[in-house]
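Input: one structure, supplied below.
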Amino acid sequence: MTPTRVPHMRRRTPKAELFLGYSRFGTGSNNTVVGNRMVGLNGGSASIAFNFNRYLGLVGDFGGYDDSQLQFTGTGANQPLVVNSSGTAYTYLFGPRLSFRNHTRFTPFVQVLAGGVHASAVTVSNCAGAGCAALPVQNSFAMAGGGGLDIRLTHHISIRAVQAEYMLTRFQGVVNSVSTGASASQNDLRLSSGLLFAFGGRQPLPPVQLACSVQPGTVFSGDPMTATATATNLNPKRKAIYSWTTSGGVMSGTDSTATLSTSRLAPGTYTVSGHVAQGDHTDEQAGCTAEFTVRPFEPPTVACSASPSSVMPGDGATITAQAASPQNRPLSYSYTASAGTISGTTSSASLNTSGVAPGTIMVTCSVVDDLGKTATATTSVSVNAPPVAAVPQPSALCAISFERDHKRPERVDNEAKACLDDIALEMRRESTGKLVIVGNYAAGEISKIASERAVNASHYLVNEGGVDARRIELRVGSESGRTATNTFVPAGATFNESDSTAISQP
């Protein structure tokens, strides 16, 4: 917001001006001037001026002057003689004055005045008798023309630095103290200086000032704007006329507010200029400027996510694109996937993983606005491998010892029966699978005794434990001691047969 100028306050014009000061009136020197009785008079003058406007006024001027010396002319034996004298002269003049008022403290002026001058009798000082009256009482036409300079101190007081005027008088000639009746022109100079007092006059309004603003100050091309001009010191009695210009865009409005169209403006900084006027004078006009910026269009933004982010082969996932345009421009959506198939043209899409091998699928979400500005984001979907079924494994059950009965080393004793009872219970719980009984023998024994140990354990399970003989496999092991080992082999499991030999049920 920048006013284009800051004017000075216009000076008030007083209704009336009163001057009081010193004046010197007469010829330019004290040398003899034949027929001119106004030689080197000192006195004072006063004038009253009534101003019609700031330039033109009507002046009444009044002066009073004192004569203190008289100069006699002569030749031969009667040489020129200067003597002390006593006399007065009064001027009364009227006419127009032209003042050149401005914004400074100095006011020059010129004036032309016309009127009269009254001169009293001039008598020689220290003289008695009728012959002492050297000049009679006279009245004459007078006219003055000149100018001066006033220097303002306050609104009401000024110094008149100088007032210089040519003054014409028309006194009759005088011979032996008697007028001759023949008038002649006398050319005189009047110099004055003093104080000037101003009265009345309406205080003028200060100069009009204007401030501009633009809202908003930063826009995108095509956004509307409003320019506002705020004027101060307007004359409420006069109409204010506003006008607008801009370095970019189109202004509409002839009031204190105007609209600005920024359609198709390139990015950059531009200036709006406002102007108000209530007259032709510079104090009645003002201007201002304000800047605004057109920003380049910003691309959209997008974030991409998948739900769920981990799937099994053939399962689907929903892809969501969260996109936005800083200028709220329309957006179009598209999607790509590194594997599988993806479909959708809105803010969400569907990913199909049929036929996709386990691994990671990268999905790209893309958006584009109507100006062709784009944005992309990625997310991933993990395709998990299907679970592998656990391979059943044989499990060792309790083993039977045949060390306690040396006379019948193949007999199943009570302790062995307790073990076999537990095994029978386990076989009933497991409806599938088989039991492998491996009979072993000790050093010094033959392998046949090992098979008898396995057979005896099997008979107990079948006859006492109710186990189906078809679910029992008998084998002969190694020379590892007087024992029989029991191993449950679930369906699908494999028994390690490398250390034993199968035998058939008796």
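The values are calculated or read from the model by the stated rules, or taken from the named source; none is laboratory data. Worth saying up front: this structure is predicted, and the values here are computed from it rather than measured. Ideal geometry is used to build each Cβ from the backbone, glycine not excepted, and the neighbour counts take in all protein chains shown. Areas reflect the complete protein model, heavy atoms only, side chains present, ligands, DNA and RNA absent. Shrake-Rupley method; radii C 1.70, N 1.55, O 1.52, S 1.80 Å.
Which is within 30 Å of residue 430 (Cα to Cα), open to solvent by less than 70 Å² (accessible area, probe 1.4 Å) and not charged (D, E, K, R), of 394, 326? Working first, answer last.
Working: 326 fails: within 30 Å of residue 430 (Cα to Cα).
Answer to the selection: 394.
Pairs under 9 Å by beta carbon, first residue without any contact (Cβ under 8 Å) to a residue 12 or more places away in the chain and surrounded by fewer than 24 Cβ atoms within 10 Å (Cβ to Cβ) in segment 433-457, partner part of a loop (DSSP other than H, G, I, E, B) and aromatic (Phe, Trp, Tyr), six or more apart or different chains?
448/441
Please go through segment 330-345 and pick out each residue that is closer than 16 Å to residue 382 by Cβ and open to solvent by less than 70 Å² (accessible area, probe 1.4 Å).
Step one: of segment 330-345, the residues closer than 16 Å to residue 382 by Cβ are 337-340, 342.
337, 339, 340, 342, listed by residue number.
Look at segment 242-267 and say how many of its residues are over 24 Å from residue 280 (Cβ atoms), part of a loop (DSSP other than H, G, I, E, B) and of a type outside the set (Gly, Ala, Ser).
The number of residues fulfilling the criteria is 4.
Additional query: Just to be sure I understand, how many residues within segment 400-429 are under 14 Å from residue 468 (Cβ atoms), among the charged types (D, E, K, R) and open to solvent by less than 70 Å² (accessible area, probe 1.4 Å)?
Qualifying residue count, segment 400-429: 1.
With respect to the numbered conditions (1) assigned to a helix (DSSP H, G or I); (2) under 30 Å from residue 324 (Cβ atoms), which one is the sole condition not fulfilled by residue 421?
Status for residue 421: all satisfied but (2).
Answer yes or no: is there a residue in segment 346-368 that is closer than 30 Å to residue 298 by Cβ, touching a Pro at 6+ places or on another chain (Cβ under 9 Å) and surrounded by 12 or more Cβ atoms within 10 Å (Cβ to Cβ).
yes
Could you identify the single residue in 209, 215 that is of a type outside the set (Gly, Ala, Ser), open to solvent by 60 Å² or more (accessible area, probe 1.4 Å) and in contact (Cβ under 8 Å) with a residue 24 or more places away in the chain?
209
Something else: Kindly list the number of the only condition in (1) assigned to a strand (DSSP E or B); (2) free of Cβ contacts under 8 Å to residues at least 40 places away in the same chain; (3) open to solvent by 60 Å² or more (accessible area, probe 1.4 Å) that fails for residue 387.
Of everything listed in (1) assigned to a strand (DSSP E or B); (2) free of Cβ contacts under 8 Å to residues at least 40 places away in the same chain; (3) open to solvent by 60 Å² or more (accessible area, probe 1.4 Å), residue 387 misses just condition (1).
Follow-up question, since we're still on this one. Checking the structure you have, find out if any residue of segment 147-156 is modelled with pLDDT under 85 and in a strand (DSSP E or B).
At the first step, the residues of segment 147-156 found to be modelled with pLDDT under 85 are none.
Checked against the condition, which is being modelled with pLDDT under 85 and in a strand (DSSP E or B), segment 147-156 yields no hits at all.
Only one of 273, 193 is within 30 Å of residue 113 (Cβ to Cβ) and in a strand (DSSP E or B); which?
Details: 273 fails: within 30 Å of residue 113 (Cβ to Cβ).
Going through 273, 193 in turn, the sole match is 193.
Hey, another quick one. List pairs: first in segment 237-256 and within 16 Å of residue 213 (Cβ to Cβ) and open to solvent by less than 40 Å² (accessible area, probe 1.4 Å), second among the acidic types (Asp, Glu) and in a loop (DSSP other than H, G, I, E, B), Cβ under 8 Å, 6+ apart or cross-chain?
Pairs that qualify, where the first residue is within 16 Å of residue 213 (Cβ to Cβ) and open to solvent by less than 40 Å² (accessible area, probe 1.4 Å) and the partner is among the acidic types (Asp, Glu) and in a loop (DSSP other than H, G, I, E, B), are 242/255.
Checking residue 279 against (1) surrounded by 13 or more Cβ atoms within 10 Å (Cβ to Cβ); (2) in contact with a Lys or Arg (Cβ under 8 Å, 6 or more places away or on another chain), which single condition isn't satisfied?
Failing condition for residue 279: (1).
So which residues in segment 157-184 are at pLDDT 75 or above and exposed (fewer than 12 other Cβ atoms within 10 Å of the Cβ), if there are any at all? Talk me through it step by step, then tell me what you get.
Of the residues in segment 157-184, the ones at pLDDT 75 or above are 157-172, 184.
Once the filter is applied, which keeps residues that are at pLDDT 75 or above and exposed (fewer than 12 other Cβ atoms within 10 Å of the Cβ), segment 157-184 yields only 157.
Say whether the condition of being surrounded by 13 or more Cβ atoms within 10 Å (Cβ to Cβ), under 21 Å from residue 342 (Cα atoms), more than 38 Å from the chain's Cα centre (by Cα) and of a type in the set (Val, Ile, Thr) is met by at least one residue in segment 370-379.
Scanning segment 370-379 turns up at least one residue that is surrounded by 13 or more Cβ atoms within 10 Å (Cβ to Cβ), under 21 Å from residue 342 (Cα atoms), more than 38 Å from the chain's Cα centre (by Cα) and of a type in the set (Val, Ile, Thr).
Right, another one. I need a count of the residues in segment 466-483 that are in a strand (DSSP E or B) and either touching a residue at least 60 places away in the same chain (Cβ under 8 Å) or of a type in the set (Gly, Ala, Ser) (or both).
Narrowing segment 466-483 to residues in a strand (DSSP E or B): 472-476, 483.
The next check asks that each one be either touching a residue at least 60 places away in the same chain (Cβ under 8 Å) or of a type in the set (Gly, Ala, Ser) (or both); those that pass are 483.
Counting residues in segment 466-483 that are in a strand (DSSP E or B) and either touching a residue at least 60 places away in the same chain (Cβ under 8 Å) or of a type in the set (Gly, Ala, Ser) (or both) gives 1.
Moving on. When only residues in segment 467-497 that are within 18 Å of residue 393 (Cβ to Cβ) and aliphatic (A, V, I, L, M) count, which is surrounded by the fewest Cβ atoms within 10 Å (Cβ to Cβ)?
Step by step, filter segment 467-497, then rank; the result is 491.
Do we find that residue 35 is at pLDDT below 60 and surrounded by 15 or more Cβ atoms within 10 Å (Cβ to Cβ) in this structure?
Numbers: at pLDDT below 60: yes; surrounded by 15 or more Cβ atoms within 10 Å (Cβ to Cβ): yes.
Criteria met by residue 35.
Go through 287, 316 for me and flag whichever is in contact with a His (Cβ under 8 Å, 6 or more places away or on another chain), on the phi < 0 side of the Ramachandran plot and open to solvent by less than 50 Å² (accessible area, probe 1.4 Å). Give the derivation first.
Details: 316 fails: in contact with a His (Cβ under 8 Å, 6 or more places away or on another chain).
Being in contact with a His (Cβ under 8 Å, 6 or more places away or on another chain), on the phi < 0 side of the Ramachandran plot and open to solvent by less than 50 Å² (accessible area, probe 1.4 Å) holds for just one of 287, 316, which is 287.
Same structure, new question: Which one of these is touching a Pro at 6+ places or on another chain (Cβ under 9 Å) and either assigned to a strand (DSSP E or B) or of a type outside the set (Lys, Arg) (or both): 486, 496, 456?
Details: 486 fails: touching a Pro at 6+ places or on another chain (Cβ under 9 Å); 456 fails: touching a Pro at 6+ places or on another chain (Cβ under 9 Å).
Exactly one of 486, 496, 456 is touching a Pro at 6+ places or on another chain (Cβ under 9 Å) and either assigned to a strand (DSSP E or B) or of a type outside the set (Lys, Arg) (or both), namely 496.
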